[in-house]
Amino acid sequence: MPRKVTKSLVRDIQPDRMYNSVQIQRVINRVMLDGKKQLAERLVYNGMQKAADKLKVQNPLEVFEQAMKNIQPQVETRSRRVGGANYQIPFEVKGQRQNHLTTMWFVQAARARRGIGMEDRIAAELMDAYNNTGSAVKKREDVHKMAEANRAFAHFAR
């Protein structure tokens, strides 16, 4: 019998102030640099509002949720050594990892845009993701293509 009960590895994140959404809070935390949370909140909220205005949608939360749904991966590949060879084996992405990848890809894509302020980058990436274009959606498509190409090795998954 184990001596200690292990703690849960998943941190409990409080929902954001304006929309009461945990996913928006994750994006805010990922955008935040040097502990400047109010600045990160302002950037994300203003970016969401700009995207909603340009797309002529009433609710910025609707734009955000649809954009994140379009970025979310369903499958990914993991490297596995079998008999001296490395294979890329497709696995279904579930729960926390799905949210993590979505947030990471979105913020990386927004940061990769150059020449405009972060608020406008977030708005542009939200609009692109909402319309199923942009680099975050392309990243998801590339991951899905890789998993599809290696579907023959799925039998190596336990």
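The values are calculated or read from the model by the stated rules, or taken from the named source; none is laboratory data. All figures in this text were calculated on a predicted structure; none of them were measured in a lab. With ideal geometry, Cβ positions are generated from the backbone for all residues, glycine too; neighbour counts draw on all protein chains shown.
Yes or no, residue by residue, for (1) over 22 Å from Glu141 (Cβ atoms); (2) of a type in the set (A, V, I, L, M); (3) modelled with pLDDT of 95 or more:
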site: Asp12; (1), (2), (3): yes, no, no
site: Met18; (1), (2), (3): yes, yes, no
site: Asn29; (1), (2), (3): yes, no, yes
site: Met32; (1), (2), (3): yes, yes, yes
site: Tyr45; (1), (2), (3): yes, no, yes
site: Gln58; (1), (2), (3): yes, no, no
site: Glu76; (1), (2), (3): no, no, no
site: Tyr87; (1), (2), (3): no, no, no
site: Lys94; (1), (2), (3): no, no, no
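Within the range 22-38, residues that are crowded, with 18+ Cβ neighbours inside 10 Å sit with their Cβ atoms under 7 Å from residues that are of a type in the set (Asp, Glu), at 6+ positions apart or across chains, in these pairs: Ile24/Asp16; Gln25/Asp16; Ile28/Asp16; Ile28/Glu41.
So which residues in the range 1-37 are in a helix (DSSP H, G or I) and more than 14 Å from the chain's Cα centre (by Cα), if there are any at all?
Correct list: Lys37 only.
With the structure loaded, tell me whether Pro73 is of a type outside the set (Asp, Glu), within 19 Å of Arg26 (Cβ to Cβ) and not in a helix (DSSP H, G or I) or whether it fails that test. The answer is yes for Pro73.
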